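Take a look at the structure below.
The values are calculated or read from the model by the stated rules, or taken from the named source; none is laboratory data. Keep in mind the model is a prediction, meaning the values are calculated, not measured. Cβ placement follows ideal geometry from the backbone for every residue including glycine, while neighbour counts extend to all protein chains displayed.
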Amino acid sequence: MDRKTKEAIRYLGYGKHKVEDRVLVQVRECFEELSRVIAKKSIYRTFDLEIKDHVIRIGTMEIKSRNLEKNLIGCESAVVFGATLGTGVDRLMHKYTLTDMSKAVILQACAAADLEEYCDSCQDEIVAMMNKENKYVRPRFSPGYGDFDIRHQEDMIRMLELPKTIGLTMTDSYMLTPVKSVTAVMGISSENTPCHRQGCESCQKKDCAYRRET
């Protein structure tokens, strides 16, 4: 089972339970359908970073988040990043929500895995570029994770001009649209310090059905 399929299965909440063959077939079918409608777009910009009195300043954005602060300690600048799989994915998910709810659930998990893989590949490119300048990139950290207020989506949309650059907007409740989109911060350091933990590795909820095996 490849990594992306494993991620989709994790999003479906199987944990350590055996996955039925029929589900694996549906997962493959969903990835194939998604591949025909996905329109990947991303953008990033680098901003000065300052942390003082537990207030993080990235460009003109001010953030109070102890979780993000730990991630950014030792960094002198930060990348603000945005990515989307496009509106075609939203239309496909809406179609199956109306006609086949079981498949809609699997499609949602597969789209999440596709987005994660795309963001990883974008970050790999950023890492390679920064390494040429003898700089190092910390893991992505998105609004809504830990105590990083989801309302900062609005700041990041403005800083990256996301409606114009990649067609990414936000609802009144600070949810991104298209749905399969993400914004994130990545710290940039001149020192190759040990990578800070992220995602499941830093979460204390050990019995979560969606936990990634480490």
Any chance you could count how many residues in the range 91-141 are touching a Leu at 6+ places or on another chain (Cβ under 8 Å) and farther than 17 Å from residue 78 by Cβ? 12
Let me spell it out: the conditions are (1) surrounded by fewer than 19 Cβ atoms within 10 Å (Cβ to Cβ); (2) within 30 Å of residue 57 (Cβ to Cβ); (3) touching a residue at least 60 places away in the same chain (Cβ under 8 Å); (4) of a type in the set (Asp, Glu), and residue 155 meets all of them except one. Which number is the exception? (1)
Any idea how many residues of the range 158-172 are buried (at least 19 other Cβ atoms within 10 Å of the Cβ) and closer than 23 Å to residue 55 by Cβ? 1
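Across the range 3-19, what is the total count of residues that are closer than 14 Å to residue 116 by Cα and exposed (fewer than 13 other Cβ atoms within 10 Å of the Cβ)?
Qualifying residue count for the region: 1.
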Would you point out the residue of the range 96-122, among those that are under 16 Å from residue 11 (Cα atoms) and of a type in the set (Val, Ile, Thr), that is surrounded by the most Cβ atoms within 10 Å (Cβ to Cβ)? 106
Residue among 175, 186, 170 that alone is at pLDDT 95 or above, touching a Lys or Arg at 6+ places or on another chain (Cβ under 7 Å) and at negative phi: 186
Considering only residues of the range 10-26 that are over 21 Å from the mean Cα position of the chain (by Cα) and part of a helix (DSSP H, G or I), which is nearest to residue 89 (Cα to Cα)? 26
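Of 71, 67, which residue is surrounded by 15 or more Cβ atoms within 10 Å (Cβ to Cβ) and farther than 27 Å from residue 164 by Cβ?
The unique qualifying residue is 71.
For the range 79-128, which residues satisfy the criterion of being touching a Pro at 6+ places or on another chain (Cβ under 9 Å) and of a type in the set (A, V, I, L, M)? Even if it seems obvious, please write down each step before you answer.
Start the filter on the range 79-128 by keeping residues that are touching a Pro at 6+ places or on another chain (Cβ under 9 Å), which leaves 84-90, 123.
Within the range 79-128, 85, 89 meet the criteria.
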Quick one: what pairs do we get from the range 123-136, first residue surrounded by 12 or more Cβ atoms within 10 Å (Cβ to Cβ), second not in a helix (DSSP H, G or I), C-beta under 6 Å, 6+ apart or different chains? 126/137; 127/137; 130/137; 135/188; 135/190; 136/189; 136/192
Filter result (farther than 23 Å from residue 118 by Cβ and of a type in the set (Ser, Thr, Tyr)) within the range 20-72: 60, 65
If you go through the range 158-188, how many residues are assigned to a strand (DSSP E or B) and either without any contact (Cβ under 8 Å) to a residue 60 or more places away in the chain or of a type outside the set (Gly, Ala, Ser) (or both)? 9
Taking only pairs six or more apart or across chains, which ones have beta-carbon atoms under 8 Å, a first residue in the range 138-149 that is crowded, with 22+ Cβ neighbours inside 10 Å, and a second residue that is of a type in the set (D, E, K, R)? 143/149; 143/151
What helices (runs of 4 or more DSSP H), lying completely within the range 27-140, carry at least 3 residues that are in contact with a helix residue (DSSP H, G or I) (Cβ under 6 Å, 6 or more places away or on another chain)? 87-99, 101-132
